[in-house]
1. What are the residues whose amide H is under 5 Å from the amide H of R92, where those residues sit 5 or more places off or on another chain and H is modelled from the backbone?
2. Just grab the label-to-label distance for R92 and Q26, each label 7 Å out from Cα along the Cβ direction, in nm (one decimal).
3. What residues of segment 76-115 lie in the reach of a label at R56, counting those whose backbone N is under 18 Å from a point 7 Å from the Cα along Cα→Cβ?
4. Along the charge dipole of segment 47-107, pointing to its positive end and built from +1/-1 on Cβ of Lys, Arg, Asp and Glu, which listed residue (G52, L80, Q106) has its Cα farthest out?
5. Less than 15 Å from a label point 7 Å out along the Cα-to-Cβ axis of E7: which backbone N atoms in segment 80-99 qualify, by residue?
6. Work out from phi, with θ = phi - 60° and the Karplus expression 6.51 cos²θ - 1.76 cosθ + 1.60, the ³J(HN,Hα) of each residue of segment 15-25, listed in order in whole Hz, and give x for Gly and Pro.
7. For segment 1-88, state which GluC sites (Glu not before Pro) are in a DSSP loop and have at most 16 other beta carbons lying within 10 Å of their beta carbon.
8. What is the magnitude of the charge dipole of the chain about its Cα centre, with +1 placed on the Cβ of each Lys and Arg, -1 on the Cβ of each Asp and Glu, and no other charges, expressed in debye to the nearest 20?
Amino acid sequence: MPQLTVENVGTFDVPEGKRLVLALEQDARIDQLHACGGRARCTTCRVEFIEGEPERSTVAERTVFAARGLTGVRLSCQILCDHDMTVRAISRLEGSGRPDPGPTPQPFIEPPAEY
Ligand code: FES
């Protein structure tokens, strides 16, 4: 079972293959934003990797980062927990001014993952 460490929060066992955005919310129990519901549109699910950054990324993640000029972060909705990871949670409900974190993402990557 992969371990997810969230800086200043803790380390958690996560079911193999779980979406990182869901692991942050359901296993680490932080108020992770996911305004578009995990569809690679909003970028509010962004995290910074400290260790274990996946080498591959989905086409959808690369496309939205290119469109917005974002670097140095990754979309937790486009990543599966298939190895140990350490992240910094930089996009949370608290202080965001948003009413809620967003719709709960599906258990699978959307749009269908292409790498
Ligand atoms: S891009 Fe919106 S939840 Fe990931």
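1. Sorted by chain and number, the residues that satisfy this are L33.
2. Distance between the two pseudo-spin positions: 2.1 nm.
3. Only 76-85, 108-115 fall inside the zone, counting backbone N under 18 Å.
4. After comparing all options, I get Q106.
5. Counting only backbone N, you get 85-92.
6. x, 3, x, 6, 4, 4, 4, 6, 5, 4, 7
7. Those satisfying the criteria are E7, E16, E55.
8. Rounded to the nearest 20 debye, it is 500 debye.
Each value in this text was obtained by applying a stated rule to the coordinates, not by laboratory testing. Quick caveat: nothing in here was measured; it's all calculated off a predicted structure. As a convention, Cβ positions derive from the backbone with ideal geometry for all residues, glycine included, and neighbour counts pool all protein chains shown.
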